[in-house]
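A.B. asks: Sending over a structure as structure tokens; questions will come in a sec.
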Amino acid sequence: MSYINESVIYNIYPLGFCGAPRKNDGRLEYRLNKIYDWIEHFKKMSVNVIVLNPVFESSFHGYDTIDYKKIDCRLGDNNSFKEICDTLHKNGIKVILDGVFNHVGREFFAFKDLQQNLRNSQYCSWFQGLNFDGRSPAGDPFWYEGWAGHYDLVKLNLSNGNVVNYLLDSVKFWIDEFDIDGLRLDAADCVDIEFFKKLRSTCKSQKPDFWLYGEITHGDYNRWANGEALDSVTNYECYKGLYSSHNDRNYFEIAHSFNRQFGNGGIYRNIYTYNFVDNHDVNRVASMLKNKNHLFNIYSMMYTMPGVPSIYYGSEFGIEGARTQHSDFELRPCLNLDSIPNPNYELLEHIVKLGKVRLELEALKYGDFANLNIMNEKLVYKRWTDNQTVFAAFNLTDRDERIGFDTGTNQMLTDVLNDNEIFDVNGYFELPMKPYSARILVVNDGSFKIRFDDTEKAVTFEDSIKVTNDAAAQESDENTAGADISQKLDGEPEIKLGRYRHYSGKEYEVVGFANHTETGEKLVIYKSLNDEADVWASPCDLFLDEIEFNNQKVKRFAPTA
């Protein structure tokens, strides 16, 4: 089994996430360093794998590569990106990059040589469909194949050994330089399978656990994902079914897809699919739903179905976004944690729970699948291994319902998604369901529980702050009238109450301190002094550390006068 079975993925489109200029202006800006501010957010959601869409030098959107061995200057440089990868790894988060090997941009060095030297270029054979008897739509004195009719995306000839060696050498560089853990293969349905076989051999020889998954929008997934080529593919069939089955109030649709793919005799039982409800190419799921209440069940399904779940950045807050006739930019916004537009924190907390539940339940990570009861607006399915059985139940209606199914046991069911509620069952059971709700039920002797402590439940910590500050105020009044309240770690400087400036320029006020309820870790509590009223908690050592910013070491938070 791969590390991916034990994973929750977070997918970022960096150029959008960072608010980079749409056209590469050639200016070096360390915009991707903002990812440091999101690490605690990732960990809160149990995210342990980050998928980054294109990060290498390009002219516009990242998929028009200029240089495979240089980080896009709009995001930073190779050194800053290496530090980002190192930091993510230290936090237990693996890194998967977007491998764009089907095509390159018009500013790619080999294509520039072709434009200059024409028939005399040594790179004539690098490009698909090259023909000097015509002109390209871009005005070149030759014809070439553009991906899907886009002539800013020049299709590579992956049957050419020199092209293949160049690309494989680039991947080796990424593994050596950044220690990446996997690749997303862009436009995989257009790429020569033989290339994927060579890519697999190259990557697995350097990192046996290296994970390769392809962007496949249609067709038989087994063609690309097998023991010779890729490990997995994007599950577009279930992506569509997850939202449309709710819009149409028809759980038969998604249940059919689940059974077709993963049930007894399912055609993709051998593939651990990459599951998602939106990404940088499709409308945000919150924009696709007729009823936003269904967001909760959609994510509950994605986290309990076979395969690995992936969250597209910002969608954990229920943000919306739809592509226009001419642009995908609405799908790829610049986001900052302290200014999410119209955040749905209830959805975030639901997804936080789902992440913890998934990683704690063996049956969800490794189990078989079977539908138990399918109705238009209600569904129950089963996931199981030799060691554990889990039932997932769903009600998409706006009213209280009951749904019956054969539990096959006389033990108890613990609903780990809803306060560890326990049901005593004996065979067939009528399960009560609230409106727009899901249950994740673990068969056990009544002792099984999953705990969600306060620090895992919320981004904001107002209650903890109130308690901490009340206690601090009392101590100050009784014992240290007029003295500063501070937190000191062994061998570290003090953190005092007062104002601090984040390296990004934003200002915050430290208002108190707390201890993590599970680990005892020291936390600093601070609130935004900008336009937002958000309150945050961070480990003291993280608050005090230094990071690489604009090619120099700076404090993450520095006290202001």
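The values are calculated or read from the model by the stated rules, or taken from the named source; none is laboratory data. Quick caveat: nothing in here was measured; it's all calculated off a predicted structure. Methodologically, a virtual Cβ is constructed for each residue, glycine included, from the backbone with ideal geometry; neighbour enumeration extends over all protein chains shown. To get the accessible areas, we keep the full protein, side chains included, count just its heavy atoms, and leave off ligands, DNA and RNA. Shrake-Rupley method; radii C 1.70, N 1.55, O 1.52, S 1.80 Å.
A.B. asks: Would you work out the charge dipole size for the chain about its Cα centre, treating the Cβ of every Lys and Arg as +1 and the Cβ of every Asp and Glu as -1, and quote it to the nearest 20 debye? Provide the component values of the computation, followed by the final result.
C.D. replies: Details: 60 positive and 84 negative charges, 283 e Å.
Dipole about the Cα centre, nearest 20: 1360 debye.
A.B. asks: Let me ask another. Take every DSSP beta bridge with both residues inside segment 133-254 and express the antiparallel ones as a percent of the total, to the nearest 5.
C.D. replies: The answer is about 20 percent antiparallel.
A.B. asks: Based on C-alpha coordinates, I'd like the Rg and Dmax of the chain, in Å.
C.D. replies: Calculated on Cα positions, Rg and Dmax stand at 25.6, 90 Å.
A.B. asks: Also, quick follow-up: Which residue, chosen from Trp174, Val104, Ser232, occupies the Cα position most advanced towards the positive end of the dipole of the chain, where the dipole is computed from +1 (Lys, Arg) and -1 (Asp, Glu) charges on Cβ about the Cα centre?
C.D. replies: Val104
A.B. asks: On a 18 Å Cα-Cα criterion, which of the cross-link pairs Lys43/Lys69; Lys43/Lys292; Lys82/Lys204; Lys172/Lys197 come out too long?
C.D. replies: On the way: Lys43/Lys69 29 Å; Lys43/Lys292 26 Å; Lys82/Lys204 21 Å; Lys172/Lys197 15 Å.
Over 18 Å Cα-Cα: Lys43/Lys69; Lys43/Lys292; Lys82/Lys204.
A.B. asks: Give me, ordered by chain and number, the residues 5 or more places off Trp143 or on other chains with an amide H under 5 Å from its own placed amide H.
C.D. replies: So Trp143 has HN proximity to Asn131, Phe132, Asp133, Gly134.
A.B. asks: Work out the length of the dipole vector of segment 218-367 about its Cα centre, built from +1 on the beta-carbon of each Lys and Arg and -1 on the beta-carbon of each Asp and Glu, and round it to the nearest 20 debye.
C.D. replies: Roughly 300 debye for segment 218-367.
A.B. asks: Using the Kirkwood formula over every pair of different C-alpha atoms, what hydrodynamic radius in Å results for segment 337-442?
C.D. replies: This gives a value of 14.8 Å.
A.B. asks: Still on this structure, please answer the following. May I ask which residue of Asn91, Leu295, Pro141 lies farthest towards the positive end of the charge dipole of the chain, with charges of +1 (Lys, Arg) and -1 (Asp, Glu) on Cβ and the Cα centre as origin?
C.D. replies: The Cα lying farthest towards the positive end belongs to Pro141.
A.B. asks: For segment 171-183, in order, what is each residue's ³J(HN,Hα) by Karplus, 6.51 cos²θ - 1.76 cosθ + 1.60 with θ = phi - 60°, in whole Hz (x at glycine and Pro)?
C.D. replies: Taking θ as phi minus 60°, the curve returns 5, 4, 4, 5, 5, 5, 7, 10, 6, 5, 10, x, 9 Hz for segment 171-183.
A.B. asks: Taking θ = phi - 60°, what integer Hz values does the Karplus form 6.51 cos²θ - 1.76 cosθ + 1.60 yield along segment 342-359, in sequence order, with x for Gly and Pro?
C.D. replies: Those phi angles translate into 6, x, 9, 5, 5, 5, 4, 5, 5, 5, 4, 4, 4, x, 5, 4, 4, 6 Hz.
A.B. asks: Could you give each residue of segment 216-232 its phi-based ³J(HN,Hα) in whole Hz, using Karplus coefficients 6.51, -1.76, 1.60 with θ = phi - 60°, and x for Gly or Pro?
C.D. replies: 10, 9, 6, x, 7, 4, 5, 5, 9, 9, 6, x, 10, 10, 8, 7, 7
A.B. asks: Is segment 233-378 rounded, prolate or oblate when judged by the Cα gyration tensor, a ≥ b ≥ c being the square roots of its eigenvalues, rounded requiring a/c under 1.5 and prolate requiring a/b larger than b/c?
C.D. replies: prolate
A.B. asks: A further question on this structure: Rank Val285, Ser205, Ile216 by how far each Cα sits towards the positive end of the charge dipole of segment 202-334 (+1 on Lys, Arg Cβ; -1 on Asp, Glu Cβ) and give me just the farthest.
C.D. replies: Val285
A.B. asks: Okay, moving on. To the nearest 20 debye, what is the magnitude of the charge dipole of segment 159-206 about its Cα centre, counting +1 on the Cβ of each Lys and Arg and -1 on the Cβ of each Asp and Glu?
C.D. replies: So the dipole magnitude of segment 159-206 works out to roughly 200 debye.
A.B. asks: Calculate for the chain the 222 nm mean residue ellipticity that helices alone would give, adding -39,500 (n - 2.57) per DSSP H run of length 4 or more and normalising by residue count, nearest 500 deg cm²/dmol.
C.D. replies: On the way: 15 runs with 149 residues, N = 561.
Calculated from helices alone, the mean residue ellipticity at 222 nm is -8000 deg cm²/dmol.
A.B. asks: Right, something else. What figure, in Å² to the nearest 10, do you get for the accessible area of Asp231 with a 1.4 Å probe and non-protein molecules left out?
C.D. replies: Counting only protein heavy atoms, the figure is 40 Å².
A.B. asks: Within 11 Å, Cβ to Cβ, of Asp152, how many net charges do the neighbouring residues add up to if Lys/Arg are +1 and Asp/Glu are -1?
C.D. replies: Working: positive: Arg106; negative: Asp64, Glu107.
Every neighbour counted, the sum reads -1.
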